[in-house]
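The values are calculated or read from the model by the stated rules, or taken from the named source; none is laboratory data. Since this is a predicted model, take the numbers as computed values, not measurements. A quick note on method: Cβ atoms are made from the backbone with ideal geometry, for glycine too, and the neighbour counts reach across all protein chains shown.
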Amino acid sequence: MTGGAGFIGTSLARRLVEENEIVILDNLHRDSLTGTDLAEHPNLRFVQGDVLDLPLVRELSARATHVVHMAAIAGVDKVLESPVRTMRVNLIGTYNVLEAAHEAGTIERLVDFSTSEVFGTHAYKVEETHVTSQGSVGEARWTYAVSSTSMGPARSAAAPFTTSLSGRSPTRRS
Ligand SMILES: NC(=O)c1ccc[n+]([C@@H]2O[C@H](COP(=O)([O-])OP(=O)(O)OC[C@H]3O[C@@H](n4cnc5c(N)ncnc54)[C@H](O)[C@@H]3O)[C@@H](O)[C@H]2O)c1
């Protein structure tokens with residue numbers, strides 16, 4: 001579980017830990033794990049590290065059967081605060097996880113978390129199969145949505161990526 005020390009990750013790990021051996025990879029950018037009973041569980045191994053560290057992701061994937069990828073910079077506000085890091089972690093981090101899982105050859109299932117932003121600003125009772133939407137990629141809100149939609153409808157992914165890597169705020173492109 002990448003991002004397993006996060007909000008969703010710790011809840012999911014709690015549900016699964018009795019019947020599974022879980023390895024959590026998390027850099028503790030956020031930390032809902034430390035000091036909990038879960039952290040001490042014998043079926044859980046915590047590795048402090050970064051999804052941008054491809055050799056480490058490869059090493060941990062090599063013996064895995066399932067991967068749940070939740071490591072992300074979550075939250076629209078983070079795009080404004082830290083746009084380049086957000087794009088790196090959400091895009092390159094996801095690429096690393098996919099690449100390592102593919103190379104491992106042992107993975108039966110990989111679950112990748114998208115942001116709920118893809119269901120628009122008024123999402124209500126949405127399901128995974130529902131149509132996703134994307135507003136103007138010049139707006140921070142949608143730039144974030146694209147960055148967290150690696151498996152989804154990233155129709156214009158290149159545009160916000162280029163904008164954010166330039167180090168500028170993700171404002172409308174000319
Ligand atoms: N919380 C929600 O309501 C919600 C809804 C829909 C989708 N999601 C998505 O689910 C995923 C997890 O969300 P969350 O609410 O648990 O967020 P979170 O911030 O609590 O958890 C993310 C975890 O990723 C870790 N992390 C960040 N950068 C990392 C890096 N470079 N390497 C390794 N670990 C790193 C953080 O330390 C954190 O523990 C995100 O992709 C988010 O967009 C969340």
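The set of residues in the stretch 11-49 that are within 10 Å of the ligand (Cβ to nearest atom), without any contact (Cβ under 8 Å) to a residue 24 or more places away in the chain and buried (at least 18 other Cβ atoms within 10 Å of the Cβ) contains only Ile24. Among (1) away from the ligand (no atom under 14 Å from the Cβ); (2) in contact with a helix residue (DSSP H, G or I) (Cβ under 8 Å, 6 or more places away or on another chain); (3) under 11 Å from Gly4 (Cβ atoms); (4) not small (Gly, Ala, Ser), there is one condition Leu80 misses while meeting the rest; what is its number? Only one criterion in (1) away from the ligand (no atom under 14 Å from the Cβ); (2) in contact with a helix residue (DSSP H, G or I) (Cβ under 8 Å, 6 or more places away or on another chain); (3) under 11 Å from Gly4 (Cβ atoms); (4) not small (Gly, Ala, Ser) is unmet by Leu80, namely (3). Exactly one residue out of Ile92, Ile8 is within 24 Å of Trp142 (Cβ to Cβ) and within 8 Å of the ligand (Cβ to nearest atom): that is Ile8.
The residue list Arg109, Arg141 contains one member that is modelled with pLDDT under 95 and basic (Lys, Arg), which is Arg141. Residues of the stretch 57-96 that are without any contact (Cβ under 8 Å) to a residue 60 or more places away in the chain and among the polar types (S, T, N, Q): Ser61, Thr65, Ser82, Thr94, Asn96.
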